[in-house]
Amino acid sequence: METRPKVSVIVPIYRTEATLRRTIDSLRAQSLQDFEGILVDDGSPDGAGAIADAAAAADPRFRVIHQENRGLAEARKSGQRVATGEYHMHLDSDDTLAPDGLRLMYDFAITEDLDVVYPGFTRIIGDKRFEIAPRPGREVATPREMVDLMLDQSFQYYGGMCFSRHELWRDLDAMFPPATVRLPSEDIITNFRLVLSSRRVGMTDAPVYEYYFNPNSLTAQGTFYTQELIHAFFDELEPTLAEAGLLPEVSRALDEMKLHYVGFYAREVDPSDPWVARLRAIPKSELRPKYKVLQALLCNNTLRRGLIGTNRLVKRLLGRL
């Protein structure tokens, strides 16, 4: 009878011929060797699919799924469907894991009986490395405590990198937003759902995930989304919190999260839209200083984009974007 691997690492692949070998090599170099690597070629038009096939031919721990292009969330779902490990992790095909990454997270999860682990990560910009952690040290939290942290935009984590118990993924449609709904960040929705399905969540400042900053990415160039797209994101998140019985308890924190997204990421804000008008009507006395500023900027798109652009430039120089 075959034993299941300790960890399944799911790698969605699209247009990453230049970086995929580096990603695969980081898995081969793990001190915890009992893993399976599931390489999901999401219809990549370059040579990345062939690189994945070569990796699987050379190492039986790797397997490849080839499919038509369906997008990041659907590629991850395809990997989840066949994953058998005790714990699962997603790794983007232009990023890497530190050599002890899987072992650190697995040992932490087993020792503390954790369902989900959020590790620290290293942001790599050229030859510079910046270590960022969700919280200092190691910490174990309840799902309710984690919701508070995740609603607060100062909580530092990379949405796609959490380490989670296999059993949480039994209902993939419940974990991932529908493929028909385009969202600015489906990772965040999935993370809320994972946390709310768990019993115990851990955070560690160990820099496990290595995120390579791409100067040509949408994030680096200062992505702005439509107001409607941001509204759709919260239309997906809000019912998740309501079904968990957390509304109206977290309503003000959710409002501040909405102000953060609209203020920082909306290309154009229509102050007369009822959804935005409600955010503008929140009494300033109920908001923290940062969100008072964002609320005031909702009426001036030119000033708002200029200030946000300056904010992003400063963060980029500090290695935090």
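The values are calculated or read from the model by the stated rules, or taken from the named source; none is laboratory data. None of these values were measured; they are calculated from a predicted model. All Cβ positions, even for glycine, are placed from backbone atoms using ideal geometry, and neighbour counts span all protein chains on display.
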Residue 145 meets each of (1) in a loop (DSSP other than H, G, I, E, B); (2) charged (D, E, K, R); (3) modelled with pLDDT of 95 or more with one exception, condition (1)
Scanning the range 196-216 for residues that are part of a loop (DSSP other than H, G, I, E, B) and modelled with pLDDT under 95, which turns out surrounded by the fewest Cβ atoms within 10 Å (Cβ to Cβ)?
216
Does residue 246 count as over 23 Å from residue 303 (Cβ atoms), touching a helix residue (DSSP H, G or I) at 6+ places or on another chain (Cβ under 8 Å) and at pLDDT 95 or above?
yes
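Could you tell me whether any residue of the range 265-278 is more than 20 Å from the chain's Cα centre (by Cα), exposed (fewer than 13 other Cβ atoms within 10 Å of the Cβ), of a type in the set (Lys, Arg) and outside the structural domain of residue 141 (by TED's automatic domain parsing)? Quick ask: steps written out before the conclusion?
Taking the range 265-278 first, the residues more than 20 Å from the chain's Cα centre (by Cα) are 267-278.
With the extra rule that they be exposed (fewer than 13 other Cβ atoms within 10 Å of the Cβ), the set shrinks to 268, 271-272, 274, 277-278.
Keeping just the survivors that are of a type in the set (Lys, Arg) gives 278.
Subsequent filtering for residues that are outside the structural domain of residue 141 (by TED's automatic domain parsing) retains 278.
Within the range 265-278, one or more residues are more than 20 Å from the chain's Cα centre (by Cα), exposed (fewer than 13 other Cβ atoms within 10 Å of the Cβ), of a type in the set (Lys, Arg) and outside the structural domain of residue 141 (by TED's automatic domain parsing).
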Looking only at residues that are under 16 Å from residue 88 (Cα atoms) and in a loop (DSSP other than H, G, I, E, B) in the range 1-34, which one is modelled with the lowest pLDDT?
3
Set 233, 176: member being under 24 Å from residue 95 (Cβ atoms), buried (at least 17 other Cβ atoms within 10 Å of the Cβ), out of contact with any Asp or Glu (no Cβ under 8 Å at 6 or more places or on another chain) and in contact (Cβ under 8 Å) with a residue 12 or more places away in the chain:
233
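Residue-by-condition table, conditions (1) part of a strand (DSSP E or B); (2) surrounded by fewer than 16 Cβ atoms within 10 Å (Cβ to Cβ); (3) within 17 Å of the chain's Cα centre (by Cα); (4) of a type outside the set (S, T, N, Q):
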{"site": "80", "(1), (2), (3), (4)": "no, no, yes, no"}
{"site": "89", "(1), (2), (3), (4)": "yes, no, yes, yes"}
{"site": "92", "(1), (2), (3), (4)": "no, no, yes, yes"}
{"site": "104", "(1), (2), (3), (4)": "no, no, no, yes"}
{"site": "121", "(1), (2), (3), (4)": "yes, no, yes, yes"}
